[in-house]
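The next block holds one structure in the form of structure tokens; read it before the comments.
No value in this document is a laboratory result; all are computed from the given coordinates. All values derive from a computational prediction rather than experimental measurement. As a convention, Cβ positions derive from the backbone with ideal geometry for all residues, glycine included, and neighbour counts pool all protein chains shown.
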Amino acid sequence: MKPSWKIRRRYIFAAFSLGAVMLIAGSAAVLLNNDSATSDLITGGVALITLITTSYCFSAVWEDKKKEDPDG
């Protein structure tokens, strides 16, 4: 494993954790009937987790494809 993947995984884990905290905070706000920023927290958390998962999978596939076919 290259050092760049270690660093990437740390950033991905940190951002994924932030997305999870946003979802938990949004859920807590719903339970407490605080509707001011609830939809923003839930939407932001879901979007963050979705973007992280998509980019992580895409970059892994891209790197595998690049190793498989170095000419193009």
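Worth a mention:
- As a proxy for reagent exposure, ranking Leu51, Leu31 by other Cβ atoms within 10 Å from fewest up yields Leu31, Leu51.
- Radius ratio Rg over Rh of the chain, counting only Cα atoms, Kirkwood formula for Rh: 1.20
- Test item: Cα-centred dipole of the chain, Lys/Arg +1 and Asp/Glu -1 on Cβ, debye: 400
- Legend: calculated FRET efficiency, Glu68 to Lys6, from the Cβ-Cβ distance at R0 = 22 Å, rounded to 0.05, equals 0.45.
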